[in-house]
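The values are calculated or read from the model by the stated rules, or taken from the named source; none is laboratory data. Predicted model only: the values in this text are computed from it and were never measured. Here the Cβ positions follow ideal geometry from the backbone for every residue, glycine too, while neighbour counts run over all protein chains shown. Quick note on the areas: whole protein, heavy atoms, side chains included, nothing else; ligands and nucleic acids left out. Shrake-Rupley method; radii C 1.70, N 1.55, O 1.52, S 1.80 Å.
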Amino acid sequence: PESTMRTSAWCLLLFGALLCGLVAVLLPTGGLGSAGLTRRLLPAYLRVHRLVAEFSRQLFGRSNKEGFAEKNAQNSCLYFLFDDTQLQRNRHLSILGTVFDVSESAFYKPGGEYEQFTGRDASRNFATSDTGAESGSFSDNLDGLSGAQLADLFEWQRFYFSKYKCVGYSRGRFYHPSLLETDYLRGMKAAADAHLARKSQLAENFPPCDATTIDGKTVVYCNGALNLDPNNVMPNTRYPRIFYNKFDATSGCACVLRDMRSDGRVAVYEACSPDALQCTVLRPPPPRD
């Protein structure tokens, strides 16, 4: 019954809290008697810590604000904490503090194309597409990166989750010794999410045009069809415009609603009527400051 499950959960929560408190007090003071015993108890402490956090979330309906290292949908990370000396060359690759075993891939073996990324966390290099070949510099410092770069970095992390086994977490900039995410990592996640949200909003307001080739020339159009009657329009009819996307410094064709045709980010194609539902592109869009 649900009441029994909740009672059991409360008991585990209370027991876990007591154990966590005991170990948290004894570890810094050396009260456990020996370094060997400390090393044996620490993994158990971390696992109980996670169980307490998860049961707390389920019992009280809270979102996982603790930022605890969560299981990935495709690969469950081992709850092992690495320090810099434990990241092995040609075996471990850390990105955003998440450690993957890449030893089976030829890319990371001695002489491999990406060998230089192993044995360290080079998150900044992934975000900036810097292989280190020229600079010889590798860093996990993400300060000053744009939202787009951070979003790309988290996409790289998802790629590694899909290809390699996650074997733990790297203590330092991204994870505390308790396996809790640092404020630094959470801040970078927030910046990446904000970028993606804004990008999604732009895509909704300025969806890309369709394009085809007629008599060797590119024709852009909206509303899913060519040769529509411009006199038979609906409130949701869209018009092809040059769209200057300051968000990522690009330009291209976007389909805009009637009331957005005067938006400062759009322009009418050369030799094309403002009310046209398709336009022939005579030349690439001119640059705009």
Pseudo-spin-label distance Ser273 to Asn245, built 7 Å along Cα→Cβ, given in nm, is 3.0 nm
Compute the relative contact order of segment 206-280 as a whole-number percentage, counting only Cα pairs closer than 8 Å that sit 6 or more residues apart in sequence.
-> 36 percent
Estimated vicinal HN-Hα couplings, Hz - segment 141-157 in sequence order (Karplus 6.51, -1.76, 1.60; Gly, Pro = x) = 7, 9, 4, x, 6, 7, x, 5, 5, 5, 4, 4, 5, 5, 5, 4, 4
In whole Hz, the Karplus estimates of ³J(HN,Hα) for segment 105-113 (6.51, -1.76, 1.60; θ = phi - 60°; x where Gly or Pro) are 8, 5, 4, 10, 6, x, x, x, 4
What accessible area, in Å² to the nearest ten, does a 1.4 Å probe give for Asp275?
-> 80 Å²
Sequence-distant or interchain residues sharing an amide H contact under 5 Å with Arg120, placed H: which?
-> Ser94
Please work out how much accessible surface Tyr114 shows to a 1.4 Å probe, ignoring ligands, DNA and RNA, in Å² rounded to 10.
-> 80 Å²
Which FRET efficiency, nearest 0.05, do Glu204 and Ala225 yield, Cβ-Cβ r, R0 30 Å?
-> 0.90
From the cross-link list Lys165/Lys246; Lys165/Lys189; Lys163/Lys189; Lys109/Lys199; Lys163/Lys246, the entries with a Cα-Cα span beyond 29 Å are Lys165/Lys246; Lys109/Lys199; Lys163/Lys246
Along segment 87-94, Karplus-curve 3J(HN,Hα) (6.51, -1.76, 1.60; θ = phi - 60°) to the nearest Hz, with x for Gly and Pro, reads 6, 8, 4, 6, 10, 9, 10, 10
Show the residues, 5+ positions off or on another chain, whose built amide H is closer than 5 Å to the amide H of Asn245.
-> Thr250, Ser251, Gly252
If packing is taken as the mean number of other Cβ atoms within 10 Å per residue, what is the order of 278-288, 227-237, highest first?
-> 278-288, 227-237
Which of the peptides 262-272, 162-172 is most tightly packed, and how do the rest follow, judged by the mean count of other Cβ atoms within 10 Å per residue?
-> 162-172, 262-272
